[in-house]
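Participant: Just dropping this structure here.
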Amino acid sequence: MTAHRFRSARRIPAALVALLVLGAAGLLLYDLAAVRADRPAMAWRRELAHRLELYTPADPWVQVAGGVLALAGAVLLLLAFTPGIRRILMMRGPDGDGEPEDGPPPLRAGIGRKDAAQVLRDRAMEVPGVRSARVRMGRSRVRVRATSHFRELDEVRADLAAVIAVGIEELGLVHPPRPRLRVRRRAD
């Protein structure tokens with residue numbers, strides 16, 4: 001079984017959208033029931049019918065409004081289908097993968113990208129010859145930029161590659177990122 005990334009709850013936006021849809025549907029159903037009971041339609045519905053008579057789909061403002069609504073719908077669909085918490089990297093469970101096969105509910109662990117980058121940066125600073133280091137952690141790649149003030153650059157790069165590889169392994173990530181190292185001499 002593979003570990004799934006953490007998902008954002010998104011309770012507040014979902015509740016607001018649900019309340020908005022419920023209110024609009026309730027208002028429309030009330031108005032339809034009133035018309036069926038031989039009462040006049042609500043003023044907003046008469047105004048909407050009048051506006052729909054005046055403006056056609058060929059009008060530019062109608063097309064712009066339709067485009068904005070379609071874009072808002074696409075953004076809402078994208079938010080609904082994406083995991084949401086992308087800044088947290090999944091860690092392996094005690095048995096080596098993300099979830100145990102049987103027994104108690106799985107213990108899920110994760111580490112923030114910035115925290116993982118800080119751990120790897122601290123490891124990089126322990127390499128002899130590294131004066132400063134910057135680490136950027138992505139989901140699939142770790143970018144390490146280091147400056148050296150003594151030792152040969154090839155030696156520093158080899159030591160740094162070994163330390164970063166061990167650091168990535170010790171983080172215990174489900175999908176370990178590939179390191180990309182860049183070592184240069186400090187320009188004084």
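Participant: At 1.567 mPa s and 4 °C, plugging the Kirkwood radius over alpha-carbon pairs of the range 116-188 into Stokes-Einstein gives what diffusion coefficient in µm²/s?
Facilitator: 108 µm²/s
Participant: Please give me, ordered by residue number, the GluC sites (Glu not before Pro) of the range 121-188 that lie in loop per DSSP and have at most 13 other Cβ atoms within 10 Å.
Facilitator: Glu126, Glu152
Participant: Suppose R0 equals 25 Å. What FRET efficiency, 1/(1 + (r/R0)^6) with r the Cβ-Cβ distance, do Lys114 and His175 give to the nearest 0.05?
Facilitator: E(calc), rounded to 0.05, equals 0.90.
Participant: Give me D for the chain in µm² s⁻¹, whole number, from Stokes-Einstein with Rh from the Kirkwood sum over alpha-carbon pairs, 10 °C and 1.306 mPa s.
Facilitator: 72 µm²/s
Participant: Could you tell me the center-to-center distance, by alpha carbons, between the range 27-42 and the range 112-188 in angstrom?
Facilitator: So the separation of the two Cα centres works out to 68 Å.
Participant: For the range 1-95, which chymotrypsin sites (Phe, Trp or Tyr not before Pro) are both in a DSSP coil and crowded by at most 13 other Cβ atoms within 10 Å?
Facilitator: Of the chymotrypsin sites (Phe, Trp or Tyr not before Pro), the ones in loops of the range 1-95 whose Cβ has at most 13 other Cβ atoms within 10 Å are Tyr55.
Participant: Hey, can you find the accessible area per residue of the range 15-90 for me, probe 1.4 Å, expressed in square angstrom?
Facilitator: Result: 82 Å² of accessible area for each residue.
Participant: Between 0 and 90 degrees, rounded to the nearest ten: what's the tilt of helix 113-125 against the longest Cα principal axis of the chain?
Facilitator: 10 degrees
Participant: Which part of the range 106-148 falls in the paramagnetic zone of Glu155, meaning amide N under 14 Å from the point 7 Å along Cα-to-beta-carbon?
Facilitator: The answer is 127-130, 148.
The values are calculated or read from the model by the stated rules, or taken from the named source; none is laboratory data. These numbers were taken from a predicted model, which means no experiment stands behind them. Ideal geometry is used to build each Cβ from the backbone, glycine not excepted, and the neighbour counts take in all protein chains shown. The area values use the complete protein model at the heavy-atom level, side chains included, leaving out ligands, DNA and RNA. Shrake-Rupley method; radii C 1.70, N 1.55, O 1.52, S 1.80 Å.
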